[in-house]
Amino acid sequence: MSLWDWAVHAYAAEGVSETCLTLQDVHDQNVPLLLWAAWTAATGRRPDNETIEAAADTARAWDLAAVAPLRVVRRTLKAPIPDIDDPAREAVRTRVKAIELEAERHLLAALEALSPAPDAAPQPPITALAAAARAWGTVTPRPALVRLAERLPA
């Protein structure tokens with residue numbers, strides 16, 4: 001299963017989207033990078049430290065150039081804005097949301113391209129999640145990562 005298909009399936013599982021948003025908004029983590037890490041564990045892939053760092057660099061580049069700025073625009077357009085007609089605002093917000101999702105899909109494709117071939121049995125995702133979180137930021141939010149690992153489909 002491709003990373004995109006796996007991520008869409010995983011994100012739809014009960015509690016996953018909420019946990020991912022907490023990791024993103026409270027713990028400043030990159031959700032596509034975390035989903036990539038969990039997918040590598042689920043599919044028996046074992047990225048080495050250099051690959052994990054390259055994945056974090058790729059995620060950082062996409063986040064800075066496209067995903068984060070689009071998210072800011074989308075969130076700004078969520079609430080009514082004086083002098084902007086609500087249907088027009090919502091139409092633009094919907095298009096920005098679609099472009100943000102497209103950028104995340106390209107990020108996931110780039111991460112999948114960095115991934116080694118499967119060479120082992122699937123593993124629980126927590127170790128891979130922690131490694132990706134460490135590569136992304138200075139603090140590893142272990143309790144939130146454990147919650148995510150527990151909610152991801154097997």
Exercise. Tell me, what is the Rg over Rh of the stretch 63-137, with Rh the Kirkwood radius over Cα pairs?
Worked result: 1.17
Exercise. Which of these, Pro80, Pro125, Pro116, has the largest mean-square fluctuation under a Gaussian network model of the chain (Cα springs below 10 Å)?
Worked result: Pro80
Exercise. Of the residues Glu104, Glu14, Glu53, which exhibits the maximal mean-square fluctuation in a Gaussian network model of the chain defined by a 10 Å Cα contact cut-off?
Worked result: Glu14
Problem set entry | Accessible solvent surface per residue of the chain, calculated while the other protein chains remain in place, 1.4 angstrom probe, Å² | 55
Seminar exercise, completed: Connecting every pair of Cα atoms under 10 Å apart in the chain and solving the GNM, the largest mean-square fluctuation among Arg60, Arg95, Arg71 falls on Arg95
Problem set entry | Estimated inter-spin distance, Asp28 and Val139, nm [label 7 Å along Cα→Cβ] | 0.9
For this session: Give me the percent of the accessible area of the chain that comes from carbon and sulfur atoms, probe 1.4 Å, all protein chains in place.
Result: 59
Exercise. Magnitude of the Cβ-charge dipole of the chain, K/R +1 and D/E -1, about the Cα centre, nearest 20 debye?
Worked result: 180
Exercise. Once Cα extents along the principal axes in Å is worked out from the coordinates, which option in (i) 57, 30, 27; (ii) 46, 38, 30; (iii) 41, 29, 28 does it equal?
Worked result: (i)
Exercise. Once every DSSP H run of n ≥ 4 in the chain is given -39500 (n - 2.57) and the sum is divided by its residues, what mean residue ellipticity at 222 nm do you get, rounded to the nearest 500 deg cm²/dmol?
Worked result: -21500 deg cm²/dmol
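The values are calculated or read from the model by the stated rules, or taken from the named source; none is laboratory data. Being a predicted model, the structure only gives us computed values, none of them experimental. Please note: Cβ atoms are built from the backbone with ideal geometry, for glycine as well, and neighbour counts cover all protein chains shown. Calculation scope for accessible area: heavy atoms of the full protein, side chains included, ligands and nucleic acids excluded. Shrake-Rupley method; radii C 1.70, N 1.55, O 1.52, S 1.80 Å.
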